[in-house]
There are 2 protein chains.
Amino acid sequence: MTEAPALDRGARSRDAILDTAGDLMSRHGYAATSISMISSACGLPVSSIYWHFRSKDGIYVAVLERARTALLAALPPGEVPGADVAQRLDAFLAQVEDAFRRHPHGVKLLLGLGMVQQDASAAAVAEVRHYRDALVVWARDAVSSVFALRDRPEVADELARFTLRMASGTAVARWFEPDTVLETGPLRVALLALAAHHGIPLRGVPGEDAPSRGVTSRE
Amino acid sequence: MTEAPALDRGARSRDAILDTAGDLMSRHGYAATSISMISSACGLPVSSIYWHFRSKDGIYVAVLERARTALLAALPPGEVPGADVAQRLDAFLAQVEDAFRRHPHGVKLLLGLGMVQQDASAAAVAEVRHYRDALVVWARDAVSSVFALRDRPEVADELARFTLRMASGTAVARWFEPDTVLETGPLRVALLALAAHHGIPLRGVPGEDAPSRGVTSRE
DNA sequence: GTCTATAAACCGATAGAC
DNA sequence: GTCTATCGGTTTATAGAC
């Protein structure tokens, strides 16, 4: 415990730098985060940072890549479990909300750094798009599974876009009121209505196959 | 025309600086936009910029204030005209989409600069919140008028938040795919479903007072 | 109000001892 | 791999002539 293997020293430092850089960049944005800020915040000298990552841009790419793999690991499915639409939808919304709550950095990194696309390097732009595309694919697969949309890809696309934009908008609202959470209740109502609007059968969803006066039974 | 009154020279320069600064800051973000960039882009020397606005922060505050008044001037109502919910909703969505399309700067300024809240001055933070609050108040008044929610303020609040978050999320999507537009179709379906979910009467909306099989008649 | 010139601090990045 | 020291460039901001 006191005699940590020397081989791990570098990896641990690397992680510490990434932790600090990710935190600072998600709070201040890429441009406003300087190497010296990262250095003094994590304790390691400037040149160590440049040894691990070749440039400031390299730090950004590594931070984003790490955030992406962490987020995707926290979004296990693709196939959402559940017997009917209502169960799968609830499971899906719970997953989205949980990932959103436990990984606040990821989205803010995408936002604060994705903005800089114009100035950023090719590698950085590629990593930003990679991150974003992974989210889009995941969301499309998940809603496709929830609403059984294998033969209606354009509907799956619309529902996925809708969900992701609501999540992004909530992330924006979050830095005005930090305790803002993703409101899954209204989102649930909206997704059900959109699916119904496109003629998707909603077996097992209360208030949809039983024409009970237009109220969907929540709250 | 050639003999412009000397008194206006300063004001015209001031506007030119604000135009350039707003454009650059909305594209690169506050931190990544330097005074010398603004100077060389608008032709006026650095010291003129500092004469008009006392600091870089002062430029930011002035840019935001101008964007706010311009946006609010382009959002005329408060009271949305229309005989029934459907007409008023369409008018409201048209207004939102139009403002969103014609004032892309405003939102991006809020996003790119609102992020920097932690480092920014008190005046800057105040102006960001002022801008954001004005949008919230407008949206709440508008949806309240659309759905006749004078005695259901909590519902008006939810619908306004929902709309603004969708608009923010679309603004985010926009800098990944610049030709992204606000999808008012799905938003319309979602808002109607949310209103119905809260028991708001929707006189005159096709597919809601006539139980016609759950499809809302669009597309 | 506009210009040139410059101060003082900070930036990203590197050299080289250990 | 980590450290000190530093280079060259850019930043915000100011001084002072016009």
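Listed values, structure above:
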{"read-out": "Residue within the range A:106-118 that is within 16 Å of DNA strand D (Cβ to nearest atom) and either within 14 Å of chain B (Cβ to nearest Cβ) or touching a residue at least 60 places away in the same chain (Cβ under 8 Å) (or both) present", "value": "yes"}
{"read-out": "Test for residue A:164: is it under 21 Å from residue A:76 (Cβ atoms), within 13 Å of chain B (Cβ to nearest Cβ), touching a residue at least 60 places away in the same chain (Cβ under 8 Å) and not β-branched (Val, Ile, Thr)", "value": "no"}
{"read-out": "Any hit, the range A:154-161, residues being over 16 Å from the mean Cα position of the chain (by Cα), within 22 Å of residue A:105 (Cα to Cα) and either open to solvent by less than 20 Å² (accessible area, probe 1.4 Å) or within 8 Å of chain B (Cβ to nearest Cβ) (or both)", "value": "no"}
{"read-out": "Flag for residue B:171 being assigned to a helix (DSSP H, G or I), within 29 Å of residue B:83 (Cα to Cα) and in contact (Cβ under 8 Å) with a residue 60 or more places away in the chain", "value": "no"}
{"read-out": "Helices (runs of 4 or more DSSP H) wholly inside the range A:28-74 containing at least 3 residues that are closer than 16 Å to residue A:12 by Cα and away from DNA strand C (no atom under 11 Å from the Cβ)", "value": "A:56-73"}
{"read-out": "Subset tally (residues that are part of a helix (DSSP H, G or I) and either more than 23 Å from residue A:135 (Cα to Cα) or at the interface with chain A (Cβ under 8 Å from one of its Cβ atoms) (or both)) for the range B:186-202", "value": "11"}
{"read-out": "Criterion violated by residue B:56 - all others in (1) within 17 Å of the chain's Cα centre (by Cα); (2) more than 21 Å from residue B:99 (Cβ to Cβ) satisfied", "value": "(1)"}
{"read-out": "Given (1) open to solvent by 20 Å² or more (accessible area, probe 1.4 Å); (2) at pLDDT below 95; (3) away from DNA strand C (no atom under 16 Å from the Cβ), index of the condition residue B:90 fails", "value": "(2)"}
{"read-out": "Per-region count, the range B:9-34, residues hydroxyl-bearing (Ser, Thr, Tyr) and away from chain A (no Cβ under 14 Å)", "value": "2"}
{"read-out": "Close pairs (9 angstrom Cβ cut-off, 6 or more residues apart or separate chains): away from every other protein chain (no Cβ under 14 Å) in the range B:35-58, open to solvent by less than 40 Å² (accessible area, probe 1.4 Å) and within 7 Å of DNA strand D (Cβ to nearest atom) anywhere", "value": "B:46/B:35; B:49/B:35; B:50/B:35"}
{"read-out": "For residue B:182: the one exception among (1) assigned to a helix (DSSP H, G or I); (2) within 12 Å of chain A (Cβ to nearest Cβ)", "value": "(1)"}
{"read-out": "Flag for residue B:77 being within 17 Å of residue B:136 (Cβ to Cβ) and more than 16 Å from DNA strand D (Cβ to nearest atom)", "value": "yes"}
{"read-out": "Of all residues in the range A:1-21 being open to solvent by less than 80 Å² (accessible area, probe 1.4 Å) and within 15 Å of DNA strand C (Cβ to nearest atom), the one that is modelled with the lowest pLDDT", "value": "A:10"}
{"read-out": "Output for the range B:15-34, where each listed residue is touching a residue at least 12 places away in the same chain (Cβ under 8 Å) and more than 16 Å from DNA strand D (Cβ to nearest atom)", "value": "B:16, B:19"}
{"read-out": "Scan of the range B:154-199 for residues that are at pLDDT 95 or above and among the aromatic types (Phe, Trp, Tyr), ordered by number", "value": "B:162"}
{"read-out": "Criterion: over 23 Å from the mean Cα position of the chain (by Cα) and in contact (Cβ under 8 Å) with a residue 40 or more places away in the chain - qualifying residue of A:83, A:62", "value": "A:83"}
{"read-out": "Where residue B:81 falls short, out of the listed (1) open to solvent by less than 30 Å² (accessible area, probe 1.4 Å); (2) farther than 16 Å from residue B:164 by Cβ", "value": "(1)"}
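The values are calculated or read from the model by the stated rules, or taken from the named source; none is laboratory data. What you see is a predicted model; the values in this text were computed from it and never measured. Please note: Cβ atoms are built from the backbone with ideal geometry, for glycine as well, and neighbour counts cover all protein chains shown. All accessible areas refer to the heavy atoms of the entire protein, side chains included, with ligands and DNA or RNA removed. Shrake-Rupley method; radii C 1.70, N 1.55, O 1.52, S 1.80 Å.
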